[in-house]
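Visitor: This is the structure I have questions about; it appears just below.
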Amino acid sequence: MHIFILEFGEDDPAKCTGRKMARLGFARFVDRPVGVVLNPLSDRVLSVKDREIYLNRGITVLDSSWNRSDDSFFRKYSKNGRRLPLLFAGNPVNYSKPMKLSSLEAVVASLYIMDDVDEALKIASIVKWGKTFLDLNRELLEAYRGKSEEEIVQVETSFIKDVVGEPRQ
């Protein structure tokens, strides 16, 4: 098993996707981060180059509430931290909000980006809205899939420029 959850018990247990992944055998709980750490404030972007670390040591998702976690919380977990590129939540709580992914969505996106699509699809299927997340982000996920960090940043930047436009001078 290569997916680890560092849980902080801040979410509603009935809606906690980290717990659901663990309960169904896709992940297990740890007391400290292992391998690549999914951290939304990291300067580094997850890429296919992180696949080797994932396969050898694993990937850890920080399972905390978006409403209760601030910058100082995430900064504590900067070692081996990687942020995901721009994606939109498909879960009912944060639907279509950029970067407000559930733990499950973060894991699914990570696996997809590291070109482990079959496992990503299996994990996405354990929630009703997993397909919604994939459909909402299909173009971006395919563009990020199997790419280096530099290529992913280029795709992300290009997408933002297309949607928002060029910054005004």
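Visitor: What do you reckon, is Lys79 within 18 Å of Arg32 (Cα to Cα) and modelled with pLDDT under 95? Give the steps one after another, and end with the answer.
Guide: Working: within 18 Å of Arg32 (Cα to Cα): yes; modelled with pLDDT under 95: yes.
Yes: the conditions hold for Lys79.
Visitor: For Ser110, are the conditions met, namely being at pLDDT 95 or above and within 14 Å of the chain's Cα centre (by Cα)? Lay out the reasoning, then the answer.
Guide: On the way: at pLDDT 95 or above: yes; within 14 Å of the chain's Cα centre (by Cα): yes.
Spelling it out, Ser110 is indeed at pLDDT 95 or above and within 14 Å of the chain's Cα centre (by Cα).
Visitor: Still on this model: So, in the range 19-51, exactly how many residues are touching a strand residue (DSSP E or B) at 6+ places or on another chain (Cβ under 9 Å) and either aliphatic (A, V, I, L, M) or farther than 18 Å from Arg82 by Cα (or both)? It would help to see each step written out before you state the result.
Guide: Our first condition is that a residue be touching a strand residue (DSSP E or B) at 6+ places or on another chain (Cβ under 9 Å); within the range 19-51, this holds for 19, 21-22, 26-47, 50.
Next cut, either aliphatic (A, V, I, L, M) or farther than 18 Å from Arg82 by Cα (or both) only: 19, 21-22, 26-31, 34, 36-38, 41, 45-46.
Matching residues across the range 19-51 total 16.
Visitor: Could you tell me whether any residue of the range 28-41 is in a loop (DSSP other than H, G, I, E, B) and either among the acidic types (Asp, Glu) or touching a residue at least 60 places away in the same chain (Cβ under 8 Å) (or both)?
Guide: Here is the first cut: in the range 28-41, the residues in a loop (DSSP other than H, G, I, E, B) are 30-35, 39-41.
Going one step further and asking which of them are either among the acidic types (Asp, Glu) or touching a residue at least 60 places away in the same chain (Cβ under 8 Å) (or both), we end up with 31.
Yes, the range 28-41 contains at least one residue that is in a loop (DSSP other than H, G, I, E, B) and either among the acidic types (Asp, Glu) or touching a residue at least 60 places away in the same chain (Cβ under 8 Å) (or both).
Visitor: Residues in the range 93-105: is at least one under 18 Å from Val61 (Cβ atoms), out of contact with any Gly (no Cβ under 7 Å at 6 or more places or on another chain), in contact (Cβ under 8 Å) with a residue 24 or more places away in the chain and assigned to a helix (DSSP H, G or I)?
Guide: yes
Visitor: Among the numbered criteria (1) surrounded by fewer than 12 Cβ atoms within 10 Å (Cβ to Cβ); (2) closer than 13 Å to Val48 by Cβ, which one does Glu139 miss?
Guide: It is condition (2) that Glu139 fails.
The values are calculated or read from the model by the stated rules, or taken from the named source; none is laboratory data. Keep in mind that this is a model prediction, so the values were computed, not measured. FYI the Cβ positions are ideal-geometry reconstructions off the backbone, even for glycines, and counts take in every protein chain you see.
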